[in-house]
Amino acid sequence: MLLEIKDLVVKYGQISALNGISLSVEEGKLTCLLGANGAGKSTLVKTLSGIMKPAKGEIIFNGENIAGMPMHQIFKKGITLCPEGRRIFPQQTVYENLKMGAYNRRDNEIQADVEKYYEMFPILGERKNQKAGLLSGGEQQMLAICRALMGRPKFLMLDEPSMGLAPKIVKEIFNTINRIRQEGITILLIEQNAKQALKIADYGYVLDVGYITMHDSAEKLYQNETLQKAYFGGGQ
Ligand code: ATP
């Protein structure tokens, strides 16, 4: 396992947002974390990236307990969060945004990686010298994902990449994720869009108000009627 979380408790003041959850992420796989609003999904990724400190529990990444480590140290270990809400730099060009994603790198393959993403996502190449803020919502999400990849993370967390996007664009974003997973990168995908997420994931966890209530292969979860009733409503 690349990541193993054991009995993790995270609190906002006296209130627990995560009540002792355990989950694991296998190297090279796409694991999804499903759950409704307020389930604690963002709290989990914020804790994994060091933005929040756990009250209890272990976060073993690559054999080392990183629980409570400062953010920059966790980032150096290869953990990257692509946060909710497409936080690109709108006044910078598409190219500059991509370059920023590589600020921690000292190798000479940065330009080659930029070209690789232009090739994978031609729209980014076509718009490379335009301000990123002029891209559509879906294109900005693609850029946000590619920028995160420019840091060459070992482990990428995507927090609700489909949020606020039209159904057709949502499909494109899931295709994007499916393509990057084929590169062998380990991904934790946080989603409310359970149906689409389970179609591309290997394994899934369901988080319900601070507790993991279900976990299984994505295929089994996809067929699970209880889950379908609770989480497939209104999805595409
Ligand atoms: P969403 O899909 O709406 O983003 P989520 O599953 O990511 O939801 P979290 O944002 O992790 O859920 O929130 C989990 C719980 O913690 C919720 O009950 C929420 O109200 C609470 N919470 C989140 N942020 C804070 C905060 N800054 N202070 C106090 N409580 C918070």
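The values are calculated or read from the model by the stated rules, or taken from the named source; none is laboratory data. Predicted model only: the values in this text are computed from it and were never measured. Glycine also receives a Cβ, built like all others from the backbone with ideal geometry; neighbour counts cover every protein chain displayed.
Taking the stretch 140-185 as the range and being touching a residue at least 40 places away in the same chain (Cβ under 8 Å), in a helix (DSSP H, G or I) and among the basic types (Lys, Arg) as the test, the residues that pass are 147, 171, 179, 181. Kindly indicate whether residue 13 is closer than 30 Å to residue 229 by Cα, surrounded by fewer than 16 Cβ atoms within 10 Å (Cβ to Cβ) and within 13 Å of the ligand (Cβ to nearest atom). The answer is no for residue 13.
Might you let me know whether the stretch 31-42 holds any residue that is within 13 Å of the ligand (Cβ to nearest atom), of a type outside the set (D, E, K, R), free of Cβ contacts under 8 Å to residues at least 60 places away in the same chain and within 20 Å of residue 197 (Cα to Cα)? No, because not a single residue in the stretch 31-42 is within 13 Å of the ligand (Cβ to nearest atom), of a type outside the set (D, E, K, R), free of Cβ contacts under 8 Å to residues at least 60 places away in the same chain and within 20 Å of residue 197 (Cα to Cα). Quick check on the stretch 85-101. Is at least one of its residues surrounded by 14 or more Cβ atoms within 10 Å (Cβ to Cβ), within 21 Å of residue 163 (Cα to Cα) and within 16 Å of the ligand (Cβ to nearest atom)? Taking every residue of the stretch 85-101 in turn, at least one turns out to be surrounded by 14 or more Cβ atoms within 10 Å (Cβ to Cβ), within 21 Å of residue 163 (Cα to Cα) and within 16 Å of the ligand (Cβ to nearest atom). If the condition is being over 22 Å from residue 173 (Cβ atoms) and assigned to a strand (DSSP E or B), then the stretch 63-115 contributes 64, 65. Among the conditions (1) more than 30 Å from residue 222 (Cα to Cα); (2) modelled with pLDDT under 95; (3) hydroxyl-bearing (Ser, Thr, Tyr), residue 12 misses just one, which is (2).
Filtering the stretch 190-212 to residues that are away from the ligand (no atom under 13 Å from the Cβ), under 22 Å from residue 37 (Cβ atoms) and in a strand (DSSP E or B) leaves only 204. What pairs come up if the first residue lies in the stretch 186-215 and is over 21 Å from residue 164 (Cβ atoms) and without any contact (Cβ under 8 Å) to a residue 40 or more places away in the chain, the second is in a helix (DSSP H, G or I) and hydrophobic (A, V, I, L, M, F, W, C), and their beta carbons are under 9 Å apart, counting only those six or more places apart or on different chains? These pairs meet every condition: 214/221; 214/227. Does the stretch 186-207 include one or more residues that are among the charged types (D, E, K, R), touching a Gly at 6+ places or on another chain (Cβ under 7 Å) and farther than 22 Å from residue 61 by Cα? Within the stretch 186-207, one or more residues are among the charged types (D, E, K, R), touching a Gly at 6+ places or on another chain (Cβ under 7 Å) and farther than 22 Å from residue 61 by Cα.
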